[in-house]
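Encoded as structure tokens, the structure appears first; notes follow it.
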Amino acid sequence: MNKRVVQAFLHWLDTATEPEIDTRRQAFLDALTQFHGKDARADLRLGLRLIEEELVARADLWRARP
């Protein structure tokens with residue numbers, strides 16, 4: 001992914017609801033089965049890693065609430 005695409009994805013990820021994130025995550029997982037190009041698969045895996053990091057961060061914030 002180029003820098004602008006990553007920035008746009010991160011902005012979306014910051015503002016997305018959990019259902020929206022789950023939908024995008026599933027779409028990326030489905031796309032991994034369809035795309036065989038090295039670059040496309042690397043981009044999808046990057047997106048999945050960023051999604052997982054966001055979900056972990058949100059879970060940590062939720063647990064940290066009094």
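Throughout, read-outs are computed from the coordinates displayed, never taken from laboratory work. Remember, it's a predicted structure, so these values are computed and weren't measured experimentally. Note that we place each Cβ from the backbone using ideal geometry, even for glycine, and neighbour counts take in every protein chain shown.
Taking each residue as 0.36 nm, the span from Glu52 to Ala27 lengthens on full extension beyond its C-alpha to C-alpha distance by 7.6 nm.
Which chymotrypsin sites (Phe, Trp or Tyr not before Pro) does the chain hold that lie in a coil by DSSP with at most 16 other beta carbons within 10 Å? Counting only loop positions with at most 16 other Cβ atoms within 10 Å, the chymotrypsin sites (Phe, Trp or Tyr not before Pro) in the chain are Phe35.
Couplings 3J(HN,Hα) for the range 10-19, derived from phi with the Karplus relation 6.51 cos²θ - 1.76 cosθ + 1.60 (θ = phi - 60°), are 5, 5, 4, 4, 5, 9, 6, 7, 4, x Hz, where x marks Gly and Pro.
Projected onto its three principal axes, the C-alpha set of the chain covers 46, 24, 15 Å, listed from the longest axis down.
If you take the beta carbon distance between Leu61 and Phe35 as r and set R0 to 22 Å, what does 1/(1 + (r/R0)^6) give as a FRET efficiency, to the nearest 0.05? Given R0 = 22 Å and the Cβ-Cβ separation, E is 0.10.
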